[in-house]
Structure formats: C-alpha cells, structure tokens
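The values are calculated or read from the model by the stated rules, or taken from the named source; none is laboratory data. Since this is a predicted model, take the numbers as computed values, not measurements. Here the Cβ positions follow ideal geometry from the backbone for every residue, glycine too, while neighbour counts run over all protein chains shown. Surface areas here come from the heavy atoms of the whole protein model, side chains and all, with no ligands, DNA or RNA. Shrake-Rupley method; radii C 1.70, N 1.55, O 1.52, S 1.80 Å.
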Amino acid sequence: PVSLTESAANFAAAAAAGQAAALLTPAVVLQAFTADGQSLITVDVRPATGGFHCSTAESTLRFWDCCSSSLLAGSNVPYTLNTSADAPHSGAVTGLCCHPTQHMAVTTGNEGEFKVWQRSKAQRRSSSSTTNNAEQAAAGHWRCSAVGGYKGLGLNGCSFSQDGSLLAVAAGTTATLWDPYETALVGTLVVPAECSSSGGSLRQLSFVHNSPHLVGLVGGGHQAAAAASAGSSNQQQQQQQQQWSDQSA
C-alpha cells in the first residue's frame, strides 16, 4: 500500500532504526492537485538500503481520480487509481506541478529530463448512462506526451505561470522558460553569482500569484526573484525583463 499520510522523513527514520518494514513500504514524496480538484497526482518512493534518494530507490508516478459522492459513500475511499507509471524518470523525481486550467502535469528528474503528462480524451458513454460529465472525464487515462531537457543538466523543480502560457524548469543555476504546448524553449534566466554565493543550484521555482515574478530557491536556502512576464501567450516573450535580484535576508 501507498501511504498518503506518513512522511518520507518518518520512513527514513524508521529505516535508520533498522525497521525492515520501512524499506518495503513506499511513501509519497511529491503530490499535486489539478486545478479542478478532480485529480490527485503523487510520486511515491520505495526506499532502498541507501534511503529515498539513492539510485536504487524505486519511484512510481500515480494519477488518482476523485470519487463521486455515491462511490465515496460506499467505499469511504476518496480517490481511485487511474494511471500508474513505474520509474517515470531514470533518476530521482525532483519536481511536480499541474497546469492551472488543463489536465496537464509536469515532472522533473535529476537525470536531466522533464516530462509533460496529459489526460487522454475519454470515450463518451451512451446517453442512457447515468454517469455524469465529471465521471466521464475521469475515465480518460494519463500518458507522457512530451519530453524536454536543457544542456544535459539535472532538473530540480518546475512551475506553471498563472495563465499556463509559461512553464519554468530549474536546470542548475538557470531557470528555463518553455512553451508547455510545444515544448519549445522561449527564454532563460541565469542566477548571477551574487545570488548564489553558496555555489548551489536552483532547488525550487514558483511563479508568484497575480504577479509577473518568478521566485527561486538556491541551494543553502538562498532566495532570488526574477521578472518573467507570463501574460497571455501572444505576448512577445523576447521583450520580457529577465533579471534576477537578491532577496536574501
């Protein structure tokens, strides 16, 4: 079984204490909801003797559908498994984010790839069926629709802009900006030396709500912010302000 409540830290502590069961039970390390709340996406890891982040740890990407009220009343299980992808990346899965308006998700891996996952269109059921539209939509399965990367660098996180027209992916000390529909690189933001004095790479990225700004966390907890305008997709992204500023205390 996959634990949706136990943290990876708890399992790691148990493993260090010599509890063999902790080495057999996967724990959820990443999770995200689609914007409509109809799907939950999780990454669970079955730890090896070296821990959750060693090369032999087994990762699984799972897509869950929210149960209807009738099914929930009968089973008391809020989600049912829609699609499962074993070893979604050849390395550790380092990031997960969902598109703000569509059933699209992105995962990043430390082997140097990001993958775009999309739900396929469900086959329409007959009009005599009592299944509602939400349940029909949930019948479509998820698949990997595109793969990207940047100069072979390990990737450490991702984030969609508020309107979904930009996807930011952390690659080393560079925030790469992509058109998520075409998997096309449209810009880069390189963290300057003064914002990464610790020498670390970008560990996390997040677009600020109702703002054109992108915030990044550099290794060691150092923060930097950049302007990466993410308005409507017809904006000339070449004219975006691409400059980081130091936001550390």
Problem - Amide H within-cut-off set for Cys67, under 5 Å, with H built and near neighbours excluded - result: Tyr79, Thr80
Handout entry: Ranking by accessible area, most exposed first, for Tyr150, Tyr181 with a 1.4 Å probe
Key = Tyr181, Tyr150
Fill in the blank from the handout: Interchain or sequence-distant (5+) residues whose placed amide H lies within less than 5 Å of the amide H of Thr83 are Phe63
Completion exercise
SASA check, Thr25, accessible area w/ 1.4 Å probe, all protein chains in place, rounded to nearest 10 Å², comes out at 40
Fill in the blank from the handout: So Glu111 and Asp36, fully extended at 0.36 nm per residue minus their Cα-Cα distance, gain in nm 23.9 nm
Completion exercise
Order by accessible surface, 1.4 Å probe, largest leading, for residues Lys115, Lys151 comes to Lys151, Lys115
Exercise for the section: Would you pull out the residues with amide H under 5 Å of Glu111's amide H, same chain only if 5 or more places away, H placed 1.01 Å from N? Expected result: Gly91, Ala92, Leu155
Handout entry: Solvent-accessible ranking of Ser84, Ser159, largest area first, probe 1.4 Å
Key = Ser84, Ser159
Completion exercise
Reported to the nearest 10 Å², Glu182 has, with a 1.4 Å probe, an accessible area equal to 130
Exercise for the section: Measure off 7 Å from each Cα along the Cα-to-Cβ vector at Thr101 and Val147, then give the distance between these two points in nanometres to one decimal. Expected result: 3.0
Problem - Rounded accessible area of Val147 (nearest 10 Å², 1.4 Å probe) - result: 80
